[in-house]
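Working notes for the structure below.
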Amino acid sequence: VIGLIDSAGLRLQEATDALHAFGEIYLKQTLASGVIPQITAVFGTCGGGLGLFPTMTDFTFMEEKSAKLFVNAPNALDGNVITKCDSSSAEFQAKESGIVDVTGDEGTVLAGIRRLVGFLPSNNQEVAAEECRDDLNRATPELAGCVGDTAIALSVLADGRDFLEVKAAYAKDMVTGFIKLNGTTVGAVANRTVLYDAEGNKAEEFNAELSARGCDKAAEFVKFCDAFNIPVLTLTNASGFKASKCTEKKIARAAAALTFAFANATVPKVNVVTGKAYGSAYVTMNSKGLGADFVYAWPKAEIGMM
């Protein structure tokens, strides 16, 4: 189910009838969750109660210039005006709230939706698979150099080197997205320590640790994969949990959510330790103890208590 939104919101003169109709839509979205993949693209205004529509779906796209997504308008926030912080913009919703998976112009959004649909099953009774046109025995000598930016590593591993990253702008220390292996869609979760730009230059660096935002992002993704029979592959490089006053408020709950998601998932689960795997972070990242079916380690991987 794909929704394209540009709406001023409720027709006020319809009063509680309009509110009741919103409730009915929320109910239908809830009943379809985990049964039918749901995608929303915001091309114009999507505010107030309408702002819940894309947030309740599995994937959200947003036009980067004209689209607005909010519950409370930027000027309605205490101490804020839209010129100070446009909390309704695609950039804010992608980088700060993590609601939006992909941003771009109209053509990019529509192409992105088509590409995403190509990775997904039609419903939770089907398996997303197609004929593989790649050489499963091709050599990948460049893989060892991609341990930092795992988005690149996943593209090297994928059929046709095609990796679709979701929520790329949010919690960049954690990579989530889809690849195909032998024609079958696989969900990928990977720790990232380096981010390279389109020109191949080092844009950002991260510590090999689990952040609260990264855990939340990965947990939501694993739950989706489990609901739609999509196997999960993890590339693990985590020496511990991020340590800061802000993170400490959320990290236990977020790490617990990711731990639960991996432990609860009944789809095939494979873990590859590419770097460090220390302490409880090792356990959280799809370890054998949580039920991973196969766990591999690169020759220089480090696994231990401390």
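The values are calculated or read from the model by the stated rules, or taken from the named source; none is laboratory data. Fair warning: this is a prediction, and the values are worked out from it, not measured in the lab. Positions of Cβ are backbone-derived with ideal geometry, glycine not excepted, and every protein chain shown enters the neighbour counts. Protein only, heavy atoms only, side chains kept; ligands, DNA and RNA dropped before computing areas. Shrake-Rupley method; radii C 1.70, N 1.55, O 1.52, S 1.80 Å.
The single condition from (1) aliphatic (A, V, I, L, M); (2) under 18 Å from F224 (Cβ atoms); (3) buried (at least 16 other Cβ atoms within 10 Å of the Cβ) that L31 fails is (3).
Restricted to region 188-227, and to residues there that are of a type in the set (V, I, T) and crowded, with 19+ Cβ neighbours inside 10 Å, the residue that is nearest to Q125 (Cα to Cα) is V222.
Any residue at all in region 91-108 that's in contact with a Pro (Cβ under 6 Å, 6 or more places away or on another chain) and surrounded by 14 or more Cβ atoms within 10 Å (Cβ to Cβ)?
Taking region 91-108 and keeping what is in contact with a Pro (Cβ under 6 Å, 6 or more places away or on another chain), we get none.
The answer is no, given that none of the residues of region 91-108 is in contact with a Pro (Cβ under 6 Å, 6 or more places away or on another chain) and surrounded by 14 or more Cβ atoms within 10 Å (Cβ to Cβ).
Of the residues A153, A218, only one is in a helix (DSSP H, G or I), more than 16 Å from M285 (Cα to Cα) and of a type in the set (G, A, S); which? Result of the check over A153, A218: A153.
For region 114-124, state whether one or more residues are open to solvent by 50 Å² or more (accessible area, probe 1.4 Å), farther than 18 Å from D6 by Cα, part of a loop (DSSP other than H, G, I, E, B) and in contact with a helix residue (DSSP H, G or I) (Cβ under 8 Å, 6 or more places away or on another chain). Step through it out loud before you land on a result.
Of all residues in region 114-124, those open to solvent by 50 Å² or more (accessible area, probe 1.4 Å) come to 114-115, 117, 122.
Filter once more, so that each one left must be farther than 18 Å from D6 by Cα: 114-115, 117, 122.
Next, only the ones that are part of a loop (DSSP other than H, G, I, E, B) stay: 122.
Retained after the next criterion (residues that are in contact with a helix residue (DSSP H, G or I) (Cβ under 8 Å, 6 or more places away or on another chain)): none.
No, the conditions are met nowhere in region 114-124.
Among the criteria (1) touching a helix residue (DSSP H, G or I) at 6+ places or on another chain (Cβ under 8 Å); (2) under 24 Å from Y296 (Cβ atoms); (3) open to solvent by 20 Å² or more (accessible area, probe 1.4 Å), the one G183 does not fulfil is (3).
Taking region 280-303 as the search range and keeping residues that are open to solvent by less than 40 Å² (accessible area, probe 1.4 Å) and either in contact with a Gly (Cβ under 7 Å, 6 or more places away or on another chain) or at pLDDT below 95 (or both), which one is farthest from K269 (Cα to Cα)? Give the steps one after another, and end with the answer.
Going through region 280-303, the residues open to solvent by less than 40 Å² (accessible area, probe 1.4 Å) turn out to be 281, 284-287, 290-292, 301.
Right, trim to either in contact with a Gly (Cβ under 7 Å, 6 or more places away or on another chain) or at pLDDT below 95 (or both) and you get 281, 301.
Details: A281: 17, A301: 19 Å.
Ranking the qualifying residues of region 280-303, first place goes to A301.
Residue pairs whose Cβ atoms lie under 6 Å apart, sitting 6 or more positions apart in sequence or on different chains, and linking a residue in region 7-21 that is without any contact (Cβ under 8 Å) to a residue 24 or more places away in the chain to a partner that is not in a loop (DSSP other than H, G, I, E, B), are R11/A18.
Residue check: is I230 surrounded by fewer than 19 Cβ atoms within 10 Å (Cβ to Cβ) and outside any helix (DSSP H, G or I)? Spell out how you get there, then give the answer.
Numbers: surrounded by fewer than 19 Cβ atoms within 10 Å (Cβ to Cβ): no; outside any helix (DSSP H, G or I): yes.
So I230 fails the test.
For region 260-273, state whether one or more residues are among the aromatic types (F, W, Y), open to solvent by 70 Å² or more (accessible area, probe 1.4 Å) and in contact with a Ser or Thr (Cβ under 6 Å, 6 or more places away or on another chain). The answer is no; no qualifying residue exists.
What is the residue count in region 71-113 for residues that are charged (D, E, K, R), assigned to a loop (DSSP other than H, G, I, E, B), in contact with a strand residue (DSSP E or B) (Cβ under 9 Å, 6 or more places away or on another chain) and farther than 22 Å from D216 by Cβ? Of the residues in region 71-113, 2 are charged (D, E, K, R), assigned to a loop (DSSP other than H, G, I, E, B), in contact with a strand residue (DSSP E or B) (Cβ under 9 Å, 6 or more places away or on another chain) and farther than 22 Å from D216 by Cβ.
Check L10, L19 and return the single one that is open to solvent by 50 Å² or more (accessible area, probe 1.4 Å) and part of a helix (DSSP H, G or I). L19 is the lone residue from the list that is open to solvent by 50 Å² or more (accessible area, probe 1.4 Å) and part of a helix (DSSP H, G or I). Checked against (1) hydrophobic (A, V, I, L, M, F, W, C); (2) under 23 Å from E91 (Cβ atoms); (3) without any contact (Cβ under 8 Å) to a residue 60 or more places away in the chain; (4) in contact with a Ser or Thr (Cβ under 9 Å, 6 or more places away or on another chain), I179 passes all but a single condition, namely (2).
Take the residues of region 238-254 that are outside any loop (DSSP other than H, G, I, E, B) and open to solvent by less than 20 Å² (accessible area, probe 1.4 Å): which is farthest from S280 (Cα to Cα)? Break it down into steps so the answer makes sense when it comes.
Narrowing region 238-254 to residues outside any loop (DSSP other than H, G, I, E, B): 238, 241, 245-248, 251-254.
From what's left, open to solvent by less than 20 Å² (accessible area, probe 1.4 Å): 238, 247, 251, 254.
Values: A238: 9, T247: 16, I251: 12, A254: 13 Å.
It comes out as T247.
From the list F241, F221, F260, the one residue that fits, being within 15 Å of R192 (Cβ to Cβ) and aromatic (F, W, Y), is F221.
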